[in-house]
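The values are calculated or read from the model by the stated rules, or taken from the named source; none is laboratory data. Source: prediction; values computed, not measured. Cβ: placed from backbone, ideal geometry, glycine included. Neighbour counts: every protein chain shown. Accessible surface is based on the protein model in full, side chains and every heavy atom, while ligands, DNA and RNA are left aside. Shrake-Rupley method; radii C 1.70, N 1.55, O 1.52, S 1.80 Å.
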Amino acid sequence: MKYSNINFNKKTILITGGAGFIGSNLAFYFQKNYPESKVVVLDCFRSGETFSNGNLKSFGHFKNLIGFNGVVISGDINDKKLLKSLENNYRFDYIFHQAAISDTTAIEQDIMIKTNVNAYEDLLKIAIKHRANMIYASSAATYGDSDRFEVGFEKPNNVYGFSKVMMDNITYEYLKKDLPISIVGLKYFNVYGPKEYFKNKTASMVVQFGHQILKELTPKLFEGSDKILRDFIYIEDIIQANIKACKPKKSGVYNVGTGCARSFEDIVSILQKELEINNGKDYIPNPYIGSYQFFTEANILTTKKFLDYEPQFSLEDGIKAYIPEIKRLFTEEVK
């Protein structure tokens, strides 16, 4: 589905983090709908490097791009020479900046700030020189301990959330200037859908529960899971928001969620119904009480107003659309 009347054919588009979950979905959106567009994917593809918590430093995976016909560049957005070559060798019309260290449990503050904050400003300078509209990934992690999920009420409780607040602050400073481009930051809530599998342990509980059920295991939920609510958003609505952010009524930072919080209990029940396997549910104590968000729900009023964004997928609709891919992954990757 095309989400904008912009004709992206003949346009040059940079997608950073393009071998990751959201970036690869964007790459295929343009390839499918605008085959004459020039899409450049930049990603720091995974190696064996890990953080001190044992998680991979990069989740970019070649399998997310199988079938992609555009340009693929392996590189680090902290590499000044690489950024200079992009600036000199291309003339971008749109930049979708999805690359980030997105592991909320990573404690390496120096790498997090360099990658998420400083590199963003470097890319923003290229966008301004090229007159390329900038759309970047902010995060609901900026809200942290806040009980109000509305732009301006951020209270990050980890360095990842803090880094995204700093990105947003850079945006606000640049928007005070007379710029030839629009800048839109998108605060993603709990995203799920195809091409997230290679995020490993940080993939959504939708796919993780789905594979537990297909293994005919009994899904394990925290006690009181019916009262642990999140704003779960299907990847197709994230793509919609990104495309509409190419031509905003007003530059700024916006929430991207459904505006409707649902429980982890709901996820398991919907999966069991769609997969036609029901081995009940196990309940275990929640070890994270005191440091765990029990509720997130995006206020999307300004997103609707200034981006013409309207979520299309309820949790039931999103999981139903995702089921064939959950089954394929189980057969080809999990077994």
Where residues in region 125-146 are assigned to a helix (DSSP H, G or I) and closer than 16 Å to GLY257 by Cα, which of them is farthest from the chain's Cα centre (by Cα)?
THR142
Those residues of region 235-247 which are under 27 Å from THR331 (Cα atoms) and open to solvent by 20 Å² or more (accessible area, probe 1.4 Å) amount to GLU236
So for region 136-145 (the condition being of a type outside the set (A, V, I, L, M, F, W, C) and modelled with pLDDT under 95), does at least one residue qualify?
yes
Against the condition exposed (fewer than 15 other Cβ atoms within 10 Å of the Cβ), in contact with a helix residue (DSSP H, G or I) (Cβ under 7 Å, 6 or more places away or on another chain) and not charged (D, E, K, R), how does ASN89 come out, does it pass?
no
Scope region 188-223; condition at pLDDT 95 or above, assigned to a helix (DSSP H, G or I), open to solvent by 50 Å² or more (accessible area, probe 1.4 Å) and more than 20 Å from TYR283 (Cβ to Cβ); matching residues:
TYR197
Do we find a residue being buried (at least 23 other Cβ atoms within 10 Å of the Cβ) and not in a helix (DSSP H, G or I) anywhere in region 147-161?
yes
With region 36-97 as the region, which strands (runs of 3 or more DSSP E) entirely inside it contain at least 2 residues that are among the aliphatic types (A, V, I, L, M) and in contact (Cβ under 8 Å) with a residue 24 or more places away in the chain?
38-43, 71-74
Among the residues of region 261-289, count how many are open to solvent by less than 80 Å² (accessible area, probe 1.4 Å), over 22 Å from HIS211 (Cβ atoms) and either in a strand (DSSP E or B) or without any contact (Cβ under 8 Å) to a residue 12 or more places away in the chain (or both).
0
Return the residues of region 101-145 that are among the acidic types (Asp, Glu) and either surrounded by 24 or more Cβ atoms within 10 Å (Cβ to Cβ) or touching a Phe, Trp or Tyr at 6+ places or on another chain (Cβ under 8 Å) (or both); say none if nothing qualifies.
ASP103, GLU108
